[in-house]
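Data first, discussion second: the structure below is written as structure tokens.
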């Protein structure tokens, strides 16, 4: 199981230290939430933050684009040092082309689904993706409560992966704590994004450890 702390919940004035803190605490990925204020009702950071952090960590940079027309952002995130770029199924009418643009850069491509979006909407592109991100809250803000109905979507994706012999990570994002992490892992999730649970605590390492233990116990 991979734990991907989301720097959306980190101290923006100390991002370098915040990334180092979770790296030393056992995290393998860093999750970067980019929001444009249009696709979701919030505005965060862009490729410039990835570029600034890239020299200071070897963690996989997991860049989640909650933006309209993600095709316009792919080049800048690639050049900034992103290892994986995830776009939303709902954000462009040219999903296949956008994913192809990411893959053509030689980096990993992911597809994200909002809580109300069915798995069937992305089934045709599953063979070309490295990751499917199931939003377990409505995107835009951290600290929301987990939506339990999204567990069925994780199970569907896990079943499709096994039946079709595909090879993608199933990532979950939103309301992750030991209880929900265990439920997601049981359903088939392989990557857990956690923001406020990790960064709002005094000891990030113990929070990461508690998620790993919950998943392993489950």
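Where a number appears in this text, it was derived from the coordinates with a stated rule and is not lab data. Note that the coordinates shown come from a computational prediction; the quantities given were computed from them, not determined experimentally. Note that we place each Cβ from the backbone using ideal geometry, even for glycine, and neighbour counts take in every protein chain shown.
Structural size metrics of the stretch 101-170, computed from C-alpha coordinates, are Rg and Dmax of 12.7, 36 Å. Spacing of the modelled spin labels on residue 54 and residue 69, each 7 Å from Cα toward Cβ, amounts to 2.3 nm. The separation of the stretch 136-158 from the stretch 37-80, counted between C-alpha centres, amounts to 22 Å. Estimated from helices alone, the mean residue ellipticity of the chain at 222 nm is -10000 deg cm²/dmol (sum of -39500 (n - 2.57) over DSSP H runs with n ≥ 4, per residue).
Take 199-206, 85-92, 11-18 and order them by the average number of nearby Cβ atoms within 10 Å per residue, most first; the result is 85-92, 199-206, 11-18. Of the peptides 211-217, 33-39, the ranking by mean beta-carbon count within 10 Å, highest at the top, reads 33-39, 211-217.
Here the spin labels are modelled as points 7 Å beyond Cα on the Cα-Cβ line, and at residue 163 and residue 2 they lie 2.6 nm apart.
If you wrap the tightest convex hull around every Cα atom of the stretch 31-145 and split its volume per residue, you get 101 Å³. Projecting label points 7 angstrom from Cα along Cα→Cβ for residue 203 and residue 216 puts them 1.6 nm apart.
Taking the inverse of the mean 1/r over every pair of distinct Cα atoms in the stretch 2-217 gives a Kirkwood hydrodynamic radius of 17.0 Å. The protection proxy used here, the mean number of other Cβ atoms lying within 10 Å of each residue, ranks peptides 51-62, 174-185 as follows, highest first: 174-185, 51-62. Relative contact order for the chain: 21 percent, from Cα pairs under 8 Å spaced at least 6 residues apart, divided by residue count. Most simply put, the chain has about 5% antiparallel DSSP beta bridges, counting only bridges with both residues inside it.
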